[in-house]
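Q: Following this message is one structure expressed as structure tokens.
Please treat every number below as a calculation from the coordinates, not as lab data. Keep in mind that this is a model prediction, so the values were computed, not measured. Glycine also receives a Cβ, built like all others from the backbone with ideal geometry; neighbour counts cover every protein chain displayed.
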Amino acid sequence: MTTKKRLKIGLIGTGFMGKAHSFGFTSAPRVFDLPCELDLHMVADITDEAAANAARALGFENSTSNWMDIINTPEIDIVSITTPNALHKEMSLAAIAAGKHVYCEKPLAPLAEDAREMSDAAESAGVKTQVGFNYICNPMLVLARNMIAAGELGEIRSYRGIHAEDYMVNANDPFTFRHDPAGGGALADLGSHALATAEFLLGPISEVMGDCVTIIDERPDGKDTKRKIEVDDIGRAFVRFENGASGSIEANWVATGRKMQHDFEVYGSKGALSFSQERFNELHFYSCDDPMGRQGFRRIEAAPEHPPYGLFCVASGHQIGFNDLKAIEVAGFVAAVLDKTDEPFNFRAGLRIQTLIETIQRSSKQRTWRTIIN
């Protein structure tokens, strides 16, 4: 009997995405029959009590209130970082210096220059990295990209993408780390996903024209005073792709009533695609080849024929969920750690997204088109 290799995980941060990472690490080895086991070894949070509670809830063996304990534990192989954006750089660089592989949530860093330093460090150290963009792990997005690449839509002419939610719609909600000028704002927080999806489907964006708007200009700071908001509540951009297509991207965290609108539309000379994250087990396809009287968008339901859906469920239309996308992302990253595949979305790819964000922000201030320079 062959004993599987064991990779030990250290998780820093136990909020929404910390839980999602832990679920991914738990599910991926079972769903994908990975050639290794993933041990939830240590979790870090801001207090000993919070860390201990998280360890019990999520199944970690050890807990700490000092994230450097994870860095300094020799047996930990992968450091998973789900802390506020401004902490990503320090934690990632420490993990890289310790020779550990790093799985960091998006956006990778507050500034592109920070993301570049992190990318360079990882490549120099020879460690594997992953940035958390799990929406592009959806089998329906993979299908859409394959259909576009195969020419089923013909010449791609235009694109519309949006990521809209409403968690900042209340002007009386307090200032948070997402409002910090260093990397905050809707464009960085949500637009990063919309940009990653656009390039996943159509390839590199070459030019942008940005328009970033602050709707709520001050928020309570928890000290009976108001704090000025300098980041965008809505970030938009007209975009031009290297393949000749053009389109638009919107990031909006004051979109009343929207909980998870990560949508796109692709229009080509022979057909079109439409997708909504709110029904993310469906892709809608329009074909100009359909006869008159039979034309219209038809629904393609996620099914075992759309890998890796079948590993989660053997029946069509029964659907996979958000945390399943995280398991797919974890499986891809672990395969890269084991040198089975290339890194699916490494720090260099995360730098690319941060470069797009900052170029759109500069364009908005200058009111002019800007060329993307990596």
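Q: Do any of LYS259/LYS365; LYS19/LYS270; LYS5/LYS89; LYS19/LYS365; LYS270/LYS365; LYS100/LYS226 go past 32 Å between their Cα atoms, and which?
A: LYS19/LYS270; LYS19/LYS365; LYS270/LYS365; LYS100/LYS226
Q: Hey, what's the per residue convex hull volume over the C-alpha atoms of the chain, in cubic angstrom?
A: About 154 Å³ per residue, rounded to a whole number.
Q: Run the dipole for region 5-134 about the Cα centre, Lys and Arg Cβ at +1, Asp and Glu Cβ at -1, nothing else charged, and hand back the magnitude in debye, nearest 20. All intermediate terms of the calculation are to be shown ahead of the outcome.
A: Numbers: 11 positive and 17 negative charges, 74 e Å.
Dipole of region 5-134, to the nearest 20 debye: 360 debye.
Q: Separate question: On full extension of the chain, what length is gained from ALA86 through SER316, given 0.36 nm per residue of separation minus the C-alpha to C-alpha distance? Present the calculation step by step, with values, prior to reporting the outcome.
A: Details: separation 230, 0.36 × 230 = 82.80 nm, distance 4.15 nm.
Contour length minus Cα-Cα distance gives 78.6 nm.
Q: Per 10 Å bin from zero, what fraction in whole % of the C-alpha pairs of region 5-134 is there, up to the bin with the longest pair?
A: For region 5-134, the binned pair fractions read 14, 47, 34, 6 percent.
Q: Find the relative contact order for region 34-106 and round it to a whole percent, using C-alpha pairs within less than 8 Å whose residues are 6+ positions apart.
A: 24
Q: Can you tally the net charge around TRP67? Count Lys and Arg as +1, Asp and Glu as -1, for every other residue whose Cβ sits under 10 Å from the Cβ of TRP67.
A: Values: positive: none; negative: ASP45, ASP69, GLU90.
Surrounding charge for TRP67 is -3.
Q: Could you state, as a whole-number percent, how many of the C-alpha pairs of region 286-374 are farther apart than 20 Å?
A: Value for region 286-374 (Cα pairs over 20 Å): 65 percent.
Q: Could you work out the per residue convex hull volume over the alpha carbons of region 231-302, in cubic angstrom?
A: Spread over its residues, the Cα hull of region 231-302 gives 130 Å³ apiece.
Q: Continuing with the same structure: Note down the net charge around MET91, summing +1 for each Lys or Arg and -1 for each Asp or Glu among other residues with Cβ under 15 Å from its Cβ.
A: Charge balance in the 15 Å sphere: -3.
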